[in-house]
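The values are calculated or read from the model by the stated rules, or taken from the named source; none is laboratory data. The shown structure was predicted, so the numbers you read here are calculated from the model rather than taken from an experiment. Note: ideal-geometry Cβ built from the backbone for every residue, glycine included; neighbour counts use all protein chains shown.
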Amino acid sequence: MRFTLNGQAVAFEGSGARRLLDVLREELGATGTKEGCGEGECGACSVLIDGEVVDSCLVAVGQVEGLDVMTVEGLALQDGKLSHLQQAFIEHGAAQCGICTPGMLLAAHVLLEQSRRLTADHVREGLAGNLCRCTGYTKIIDAVLSCRK
Amino acid sequence: MCPAPVAAVGRSVPRREGVDKVTGRARYTDDIAVPGGAWYGRTIRSTIARGAIRSITLDPAFDWARVVVVTADDIPGDNVVQLIRDDQPVLATKGGEIRHKEEPILLLAAADRSTLEEAASHIRIQYDPAEPVYELEQATEVFSTVDITKGDVATAEREADLVVEREFRVGLQEQLYIEPQGAIAFPEANGSIKIIGSLQCPYYVHRALKRALKLTDQQAVVIQAETGGGFGGKEEYPSIVAVHAALLARKAGRPVRLIYDRHEDLAATTKRHPGVIRHRTTVRKDGTLLSQDIEIVLDGGAYCTLTPVVLSRAAIHAAGPYACPNVRIRARAVATNTPPNGAFRGFGAPQSLFAAELMVEHVAERLGMSSVDLRRKWMLRLGDTTATGQRLTESVGSELVLDAALKNAPAVRPSGRPTVRRGRGLSLVFHGSGFTGSGEKKLQGTVALEAVPDGTFRILTASTEIGQGTKTIFCQLAADALGVGMDKVVLAPQDTSLVPDSGPTVASRTAMIVGRLVQEAATEIKERLQRQKPPLRVEKSYIQPDSIHWDETTYRGDAYPVYAWACTIADVDVDMTTGEVRVTDLVTAVDCGKALHPVMAEGQIEGGSLQAVGWATIEEIKMKDGGYQNDRLATYLIPTALDAPRIRTILVENPYSRGPFGAKGIGELPMDGPAPAIIAAIHDATGVWLDEIPATPEKVLAACASR
């Protein structure tokens, strides 16, 4: 089985029925993607598949054959520097315990790619599938809005 | 000469581990790779709420050589989860009592998950069930009681023009840290066991390991991994996870990874104590507060855990932030056959302050007064005494926060929809920072600071980073006290083989109590460096100031070193057709003493406030046969970004002389105020008073219908 992970071609031998989440974490060493509930409720395991936010605990790895998968490890810039969004999360205090942060960053990344005129309400809607128990979301919303182009 | 570094305290410097957290490099427990691989562990739990184990049968058709099975017989030390009372077994014993659903009975480990699942399906446990007790009204066993008396309530009541009585109820709540409980145990040379886990209190786990596995101080090693939230849920429960993992690793002779899935975490781990609180308040016609007579009953669940300490904090906060000359508080915590309740942000105070704040509303309504005016009349001010007779001598922010919240609250806008009514409510709360009474004195939390020859400094503390900012704040405090840049200060890992016992990371004590020790150690090392050369090491332990007096037999005296204060204004929309309550705006003004890191301080207030919004509105646990019916994240709902109100925080700085740079503990405070403010806002919108939370649509509709 082959797919692209953060721009790199990867191959995985084994059952295509395994959860993408487990293959990422256990076979490909991409532990930035977290398991919060295992049933698609919390968004901690969010990844991007061909640019769409998906809960990787609900996806069998066979379903991503030939597709582009992006995880938090792929967010930094080519030179290894933090992206504007990652930097904003630090500056605004959008990451506290950090366990929801990888999924939250990916969901926010897609929002920022999709729309130039984001409002706080758009951000709330776009991040509603990613639970955070630390921040009350205020600082996350501030961080995302600060990255509007 | 180098230019003086910019002061770090008071600035929102980048979080120490921020880069690791936004790049996915931060290693949480389940992210840690074990060289050579670790086996997977699993806990087999009781399916009944009360009874005895008649038999445990391992199906002979299964090849048990492929798995490790641990029973109570495999516990080398005491079969006790070390905490306050020795009532909770590590594993239930055959013939011994089962006291709640999900009680651990057996442990399994195997090389892969499918073998583990297969093994679990080949275990049969038979029980002799007994009649369980589920309701606190039916409970007969009492874990603890607290009685607080100030003045003479009976005599005061004779002068009253008005007597108001009311009963309130609060429900269970799950901490719902997004990273579930987990630990990895490594058997090491000389019979040592090393634990890497998701936890708040390394030395609690250390003590539990020593006791159950019969280990020496050196043989038990506990290391905190990056931890994905705690909120009290990782105060005492990780001791159970770690001891279980250790027993499996010891028997397997290899590392074992015991990571709960969300379902197990929700079904089996501790929750906020539910309870019933009754008030009888008397006043004169002009609103003068004469007496408060308060009864609190908390449901501790099946085992004691930290319940007596939770009850103590509930009782001490029960009169609210008000100066009443005559107070009687009778509190008790009872046992039921439900999973044990335990630590959760606020630790009893949210429960009792919910009732206290709504009583102000009810008395004001009966008097025909504004509840804000009544609060101004009653509130504790400098020089007043609390229910325990504590005279407040400094940093009393009651009026400051009330004024700041009122000034910053936006005008209430009409809802614009005919079926939706909008309302506003307010609350005023205080929260004791640090341990109750003599807790800090007994504990003597310790930190160390080392000056290294390369010009850097190393802070050694067992206080953990669980998202609240410990790592950053301690480095800020040390840097400023030393007069060096933040880049010269590092923090040693939270590893019991390296760091002294600074006490648990709980009770809004980390920044204020342990942070002060960091500051003191840094000040001393700076002074010694004028005469001595590095390496130098300074240790500082908490010393109770002579001015603090507490009598734990009479519950009289200085219950806390100082209090933090908050006023919350909540705006709600109530849909009169569905009963749905939506909190649209929250404004909270907080007297934090000094904001060491304003962004993180706001982060504590915002996050805690939303947890309180959840508790007050949507977080409901339904019980069935002594277990939680909605024990999945699909059915136990917490607020999403769409549900969350716009939250505005106003930090009021009102320094406390013994806090580091004037700071007071504020981590738990935001859990106290929103719930009563929301219930008052629902009343403002609908005209009905709810006495019970969460304010679910069913309760709102029923209250409106019966009006």
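Examine region B:1-19 for a residue that is in contact (Cβ under 8 Å) with a residue 12 or more places away in the chain, touching a Ser or Thr at 6+ places or on another chain (Cβ under 7 Å), surrounded by 14 or more Cβ atoms within 10 Å (Cβ to Cβ) and not hydrophobic (A, V, I, L, M, F, W, C), and state whether such a residue exists.
yes
For region A:96-126, give me the residue count where each residue is facing chain B (nearest Cβ under 10 Å) and either at positive phi or without any contact (Cβ under 8 Å) to a residue 24 or more places away in the chain (or both).
Selection size over region A:96-126: 6.
Mind checking whether some residue in region B:477-488 is in contact with a Cys (Cβ under 6 Å, 6 or more places away or on another chain), assigned by TED's automatic domain parsing to the domain that holds B:Met512 and either surrounded by 24 or more Cβ atoms within 10 Å (Cβ to Cβ) or not small (Gly, Ala, Ser) (or both)?
Looking for residues that are in contact with a Cys (Cβ under 6 Å, 6 or more places away or on another chain), assigned by TED's automatic domain parsing to the domain that holds B:Met512 and either surrounded by 24 or more Cβ atoms within 10 Å (Cβ to Cβ) or not small (Gly, Ala, Ser) (or both), one finds at least one in region B:477-488, hence yes.
Whether any residue in region B:351-374 is among the basic types (Lys, Arg) and either touching a Pro at 6+ places or on another chain (Cβ under 7 Å) or touching a residue at least 12 places away in the same chain (Cβ under 8 Å) (or both) is what I want to check.
Yes, region B:351-374 has at least one match.
If a residue counts only when it is away from chain A (no Cβ under 14 Å), over 30 Å from B:Val360 (Cβ atoms) and in contact with a strand residue (DSSP E or B) (Cβ under 8 Å, 6 or more places away or on another chain), which strands (runs of 3 or more DSSP E) contained entirely in region B:159-221 have at least 2 such residues?
Output list reads B:182-187, B:193-197.
Restricting to region B:40-61, count the residues that are crowded, with 16+ Cβ neighbours inside 10 Å and more than 25 Å from B:Asp261 (Cα to Cα).
Residues flagged as crowded, with 16+ Cβ neighbours inside 10 Å and more than 25 Å from B:Asp261 (Cα to Cα) within region B:40-61 amount to 3.
Suppose we filter region B:578-598 for residues that are more than 21 Å from B:Ala481 (Cβ to Cβ) and not acidic (Asp, Glu); how many remain?
Count: 11.
If you scan region A:69-90, which residues turn out to be assigned to a loop (DSSP other than H, G, I, E, B) and free of Cβ contacts under 8 Å to residues at least 40 places away in the same chain?
If the condition is that a residue be assigned to a loop (DSSP other than H, G, I, E, B) and free of Cβ contacts under 8 Å to residues at least 40 places away in the same chain, then A:Leu75, A:Ala76, A:Leu77, A:Gln78, A:Asp79, A:Gly80, A:Lys81, A:Leu82, A:Ser83 are the ones that fit.
Read through the list (1) touching a helix residue (DSSP H, G or I) at 6+ places or on another chain (Cβ under 6 Å); (2) in a loop (DSSP other than H, G, I, E, B); (3) farther than 27 Å from A:Cys132 by Cα, then give the number of the only condition that B:Val146 fails.
Condition not satisfied by B:Val146: (2).
May I ask you to list the residues in region B:440-458 that are out of contact with any Asp or Glu (no Cβ under 9 Å at 6 or more places or on another chain), surrounded by fewer than 19 Cβ atoms within 10 Å (Cβ to Cβ), touching a residue at least 24 places away in the same chain (Cβ under 8 Å) and within 30 Å of B:Leu311 (Cβ to Cβ)?
Scanning region B:440-458 gives a single hit, B:Lys441.
Inspect region A:53-61 for any residue being surrounded by 17 or more Cβ atoms within 10 Å (Cβ to Cβ), in a helix (DSSP H, G or I) and touching a Lys or Arg at 6+ places or on another chain (Cβ under 9 Å) and give the result as yes or no.
Within region A:53-61 (the criterion being surrounded by 17 or more Cβ atoms within 10 Å (Cβ to Cβ), in a helix (DSSP H, G or I) and touching a Lys or Arg at 6+ places or on another chain (Cβ under 9 Å)), the answer is yes, since at least one residue qualifies.
Within region B:325-345, is there a residue that is outside any loop (DSSP other than H, G, I, E, B), in the same structural domain as B:Cys567 (by TED's automatic domain parsing) and of a type in the set (S, T, N, Q)?
There is at least one residue in region B:325-345 that is outside any loop (DSSP other than H, G, I, E, B), in the same structural domain as B:Cys567 (by TED's automatic domain parsing) and of a type in the set (S, T, N, Q).
Can you find, within region B:563-602, the residue that is surrounded by the most Cβ atoms within 10 Å (Cβ to Cβ) among those that are among the small types (Gly, Ala, Ser) and either farther than 30 Å from B:Ala702 by Cβ or free of Cβ contacts under 8 Å to residues at least 24 places away in the same chain (or both)?
Out of the qualifying residues, it is B:Ala566.
Quickly run through region A:1-44 and pick out the residues that are within 10 Å of chain B (Cβ to nearest Cβ) and acidic (Asp, Glu).
A:Asp22, A:Glu26, A:Glu35, A:Glu39, A:Glu41
Any residue at all in region B:522-532 that is touching a residue at least 24 places away in the same chain (Cβ under 8 Å), in a loop (DSSP other than H, G, I, E, B) and outside the structural domain of B:Val412 (by TED's automatic domain parsing)?
yes
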